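All remarks here apply to the structure that follows.
Nothing in this text is a laboratory measurement; each read-out follows from the coordinates by a stated rule. Note that the structure is predicted; figures quoted are calculated from it, not measured. Heads up, the Cβs are rebuilt from the backbone with ideal geometry, glycines too, and the neighbour counts pull from every protein chain shown.
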Ligand SMILES: [Mn+2]
């Protein structure tokens, strides 16, 4: 939550900064370097967006120089974080000195921000800054003499590449967890520090037990010691908060606030802290550009129970543009981030009972409320379930977004097929760029909803693969390409996986693809009584693979936001027990797969919306099913039609007929011809 101004001098050419300052009104020129640096820490790129937060009220002529300075600064800002292993010895020594000065013998360095977000801003990239590790999950433990880094199976090779293992012993996050390492490494009397902003109550439980068993103490530290030695630490991101219009949201934020405030009061609660930025975005109908892929404006809110409801929003006021202020209206007050603590103190002093999100709320929030005399009650974020159940406007928006997205993917697939047939040499990185370019042709494209996974041959078997210049494989005949991607549009978020045959697929490729397809079709066509949870349906997607002695090691489906996060709860389809009943309006993914390590990967993914089905004659229960939203053909070359039942063939043909009908008005020429061939009926 530090808002200290970083040293901005090396980020900007002094003359350019002075020239820009001279051209701005005096109030806009104030703290100009800081605002430019903060904007560089976000993801906004459009000149009007940048001007709105850096120099509101400045003449439009200032937009070009502002944009130029921000975009040039972005790379310089991130360079020290990417400095990697060669910088880590000095940084580790600095950190150990800072720990000693605080009477700590160790410190936990998670890959997390104050919101436990999937994508975190540069200011929270402490693990990367300290160790050089660039993966998406991990934790380091620094002790006075030893240090270790813990990563999961995705990163066991990468961590040895990026991290100096003489400084940080690499370990497997699941098989050799930090708690076990700490139990052996800590001595009685040791004081292991942690930043309570970066951990949840549940997340710290195993470590807490290990520390206690070793006779050591776990100490919540005020002010992260890394920040004290990270001299060029980027500021918190500054991007404009943008109203998400009712035309897309389907419900005014005032109505959402009133609905949730009544719900809290009915539960006997006085308030809830909204700490997850996607909860904030849904509740207030706002979006932002603070982090990649998820259209979020980072901040916290207190939702007060009862009456019409009132929200106190804690965020950098510079983010709240004139348009956002007008949109938020008088039911929402905007306060500085530093005011959150005193607001929680006041709630605590009044003896308030305050809901915190069990999954994501920082321990700091618990501590602050309880220390002031209040009661912090961990539970479900009150925004989570209402957000998961999309209203009819959001479902209609998702349908429209999927038509647009499907047309872009078909154009991409047709060009890919044609170019490969003509002998073009393309690699995974080319695929990622071409797909993004195809989507970007539409004015409503707002960027990817996650980093595209394009895995050719053996790379397809790496479930969370991201192509890099070092790993990018050329698309070779006789192999498969697994392509998992998604887009953000103002009316909906997409997430689709198709597995493509390059050249002629092998009998094994077709066999495994067909098994995955059978499970995918079975789940998509499921009928189930109201009250059924996703984990009760999971077996439908796996049964054909299980019959063949096969399986996959990931969930079958996750919730998806409406122009929000592509991974959303609380419902999910998974082997893991989940008691959240599927309700009409929920959007989930349907994505079984099969992976052969070192050879290829297969995944087929559609987004599906839960719908109420008309009761069949004699029905005794309310029945639910799914509407498939994604509109992209399956690869007919990979379907072994002999292995499909007549009912499965009918499902494929009906789906392809729907895809053709929905997309053909948006296509012409070679792309339309390709679509007709790709959706031609299959027969046994
Ligand atoms: Mn997905």
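Table for the structure above
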item	result
Residue exposure sequence - 159, 403 - by fewest surrounding Cβ within 10 Å	403, 159
Spacing of the two label points (7 Å from each Cα toward its C-beta) at residue 172 and residue 22, in nm	6.3 nm
Acute angle (nearest 10 degrees) that the helix 14-23 long axis makes with the longest principal axis of the chain, alpha-carbon atoms	90 degrees
Estimated distance in nm for a label pair at residue 375 and residue 511, the labels positioned 7 Å out from Cα along Cα-to-Cβ	6.1 nm
The stretch 359-420 versus the stretch 552-628: alpha-carbon centroid distance in Å	14 Å
For the chain, share of DSSP beta bridges that run antiparallel, in % to the nearest 5	75 percent
Cα-based Kirkwood hydrodynamic radius, the stretch 9-78, one decimal, Å	11.6 Å
Cα long-axis angle, helix 392-421 against the chain (0 to 90 degrees, to the nearest 10)	70 degrees
0 to 90° range, to nearest 10: angle between helix 646-663 axis and the chain longest Cα axis	70 degrees
Pairwise centroid distance, computed over Cα atoms, of the stretch 262-298 with the stretch 441-480, Å	32 Å
Theoretical FRET efficiency, 1/(1+(r/R0)^6), r = Cβ-Cβ of residue 184 and residue 575, R0 25 Å, to 0.05	0.20
Footprinting exposure proxy for 576, 586, 241, 623 (fewest neighbouring C-beta atoms within 10 Å first)	576, 623, 586, 241
Calculated FRET value between residue 90 and residue 232, using beta carbons and R₀ = 22 Å, to 0.05	0.95
Near-label residues of the stretch 142-186 by backbone N, under 14 Å of a point 7 Å along Cα→Cβ of residue 213	176-186
Cα pair count fraction exceeding 22 Å, expressed as % - the stretch 531-684	52 percent
Percent of Cα-Cα distances greater than 15 Å, calculated over the stretch 42-91	52 percent
DSSP beta bridges in the stretch 81-229 [antiparallel fraction, %, rounded to 5]	45 percent
10 Å-binned pair-distance histogram of the chain (Cα, whole percent)	3, 14, 23, 26, 21, 10, 3, 0
Residue-averaged 222 nm ellipticity for the chain, from DSSP H runs of 4+ at -39500 (n - 2.57), nearest 500	-11500 deg cm²/dmol
Computed over the chain: relative contact order in percent, which uses C-alpha pairs under 8 Å that are six or more apart	10 percent
Whole-number percent relative contact order across the stretch 392-674, with pairs defined as alpha carbons under 8 Å at least 6 apart	21 percent
Difference of contour (0.36 nm per residue) and Cα-Cα distance, residue 102 to residue 255	50.3 nm
Neighbour-count ranking [beta-carbon atoms within 10 angstrom, fewest first] of 589, 683, 664	683, 664, 589
Inter-probe distance in nm under a simple model that places probes 7 Å from Cα toward Cβ, at residue 136 and residue 15	4.3 nm
Fraction of beta bridges assigned by DSSP in the stretch 242-388 that are antiparallel (%, nearest 5)	50 percent
Along each principal axis, Cα extent of the stretch 392-674, largest first, Å	59, 45, 34
Contour excess over end-to-end distance, with Cα ends at residue 662 and residue 620 and 0.36 nm allotted per residue	11.6 nm
R0 of 45 Å, Cβ-Cβ distance residue 637-residue 165: FRET efficiency to nearest 0.05	0.55
Whole-angstrom Cα spans of the stretch 81-229 along principal axes, big to small	36, 32, 32
Whole-Å distance, taken between Cα centres, linking the stretch 56-86 and the stretch 114-132	19 Å
Mean separation of Cα contacts under 8 Å (6+ apart) over length of the stretch 81-229, as relative contact order %	26 percent
